[in-house]
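Here's the structure we're looking at; comments come further down.
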């Protein structure tokens, strides 16, 4: 029983996959916020160009 518990506590494969999932989630949030900010800026510029052409 001690060997089973000791082996379970030494196994770090689950911790590594959780760390990679957290890194991927953080990167996706950064990418989403960046794309949203750039999209808003471009939308404003295209609106300005559209009104100036009319």
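Some points to look at:
- When the Cα gyration tensor is reduced to axis lengths a ≥ b ≥ c, the ratio a/c is 1.5 or higher for the chain, and with a/b above b/c it is classed as prolate.
- The helix-based estimate of mean residue ellipticity at 222 nm for the chain, built from -39,500 (n - 2.57) per DSSP H run of four or more residues and divided by its residue count, is -33000 deg cm²/dmol to the nearest 500.
- Subtracting the Cα-Cα distance of residue 20 and residue 53 from their residue separation scaled by 0.36 nm leaves 7.0 nm.
Every number in this text was worked out from the coordinates using simple rules, so none of it is lab data. A quick note: this is a predicted structure, and the numbers were derived from the prediction, not measured.
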